[in-house]
Amino acid sequence: MSSENLHQAWRTIVPERGARFGPLPPLMLLLTLVTGFVDAYSYLALGHVFVANMTGNVVFSGFAIAGAAGFSLLASLAALAAFAVGALLGGRVSTAGRSHRGRLLSTAMAIEAALMLAAYLVGQLGPSPEVNAAERYTLIALLGLGMGTQNAAARALAVPDLTTTVLT
């Protein structure tokens with residue numbers, strides 16, 4: 001990696017005063033990190049389903065249709081639907097807040113944080129350490145809604161190369 005690439009990476013993490021996108025790049029990187037943690041949790045704890053990586057769910061749907069063990073078509077479709085509804089919600093927030101990017105980001109992240117808190121509470125207050133079907137789909141819905149909202153806000157903010165989630 002060249003020193004120019006390292007300098008550009010550093011300026012993404014620590015933008016110069018007056019930079020074009022202000023503090024958005026490091027905030028978007030933080031959201032990308034959160035997305036990775038949430039998807040790791042959903043994949044490991046909710047049974048081969050992603051709540052942010054919709055391309056993965058399309059692949060998993062194909063696996064489930066083909067009869068591969070350990071994949072659920074219903075879980076993948078639930079995640080896709082929740083993400084789509086979250087993206088619609090995020091799109092509404094983005095349209096209303098487009099005039100002020102800071103307000104847009106803070107509103108979208110407040111919605112996402114509330115959904116993540118709700119998911120945390122569902123996970124903590126569940127009937128047992130093992131996730132049952134109702135809890136599983138509630139968590140998929142809450143987390144998918146949050147990730148869809150984040151994706152729509154990230155798209156509206158239009159910081160180059162920082163989309164925070166994967167949607168093909």
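Name every residue in region 49-79 that is under 15 Å from Thr165 (Cα atoms), part of a helix (DSSP H, G or I) and either touching a residue at least 60 places away in the same chain (Cβ under 8 Å) or in contact with an Asp or Glu (Cβ under 6 Å, 6 or more places away or on another chain) (or both), in order of residue number.
Taking region 49-79 as the starting set, the residues that turn out to be under 15 Å from Thr165 (Cα atoms) are 49-58, 79.
If we keep only those that are part of a helix (DSSP H, G or I) as well, we get 54-58, 79.
If the condition is that a residue be under 15 Å from Thr165 (Cα atoms), part of a helix (DSSP H, G or I) and either touching a residue at least 60 places away in the same chain (Cβ under 8 Å) or in contact with an Asp or Glu (Cβ under 6 Å, 6 or more places away or on another chain) (or both), then Met54, Thr55, Gly56, Val58, Ala79 are the ones that fit.
Quick one: Leu162 ticks every box in (1) crowded, with 19+ Cβ neighbours inside 10 Å; (2) aliphatic (A, V, I, L, M); (3) within 22 Å of Ala96 (Cα to Cα) bar one, so which box is it?
(1)
Going by the structure shown, is Val122 β-branched (Val, Ile, Thr) and in contact (Cβ under 8 Å) with a residue 24 or more places away in the chain?
For Val122, the condition - β-branched (Val, Ile, Thr) and in contact (Cβ under 8 Å) with a residue 24 or more places away in the chain - is not met.
Do we find a residue being over 15 Å from the mean Cα position of the chain (by Cα), at positive phi and surrounded by fewer than 13 Cβ atoms within 10 Å (Cβ to Cβ) anywhere in region 62-71?
yes
Considering Glu112, Glu135, which residue is open to solvent by less than 30 Å² (accessible area, probe 1.4 Å), acidic (Asp, Glu) and more than 11 Å from the chain's Cα centre (by Cα)?
Working: Glu112 fails: more than 11 Å from the chain's Cα centre (by Cα).
Of the residues listed, the single one that is open to solvent by less than 30 Å² (accessible area, probe 1.4 Å), acidic (Asp, Glu) and more than 11 Å from the chain's Cα centre (by Cα) is Glu135.
Suppose we keep only residues that are surrounded by fewer than 19 Cβ atoms within 10 Å (Cβ to Cβ) and polar (S, T, N, Q) within region 73-100. Which one would you say is farthest from Glu135 (Cα to Cα)?
This residue is Ser99.
Yes/no per residue for (1) touching a Gly at 6+ places or on another chain (Cβ under 8 Å); (2) free of Cβ contacts under 8 Å to residues at least 60 places away in the same chain; (3) assigned to a helix (DSSP H, G or I); (4) at negative phi:
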position	(1), (2), (3), (4)
Gly18	no, yes, no, no
Phe21	no, no, no, yes
Pro26	no, yes, yes, yes
Leu30	no, yes, yes, yes
Thr35	no, no, yes, yes
Ala40	no, yes, yes, yes
Leu44	no, yes, yes, yes
Gly47	yes, no, no, no
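The values are calculated or read from the model by the stated rules, or taken from the named source; none is laboratory data. Fair warning: this is a prediction, and the values are worked out from it, not measured in the lab. Here the Cβ is made from the backbone with ideal geometry for all residues, glycine too, and neighbour counts use every protein chain on show. Heavy atoms of the whole protein, side chains included, go into the accessibility calculation; ligands, DNA and RNA do not. Shrake-Rupley method; radii C 1.70, N 1.55, O 1.52, S 1.80 Å.
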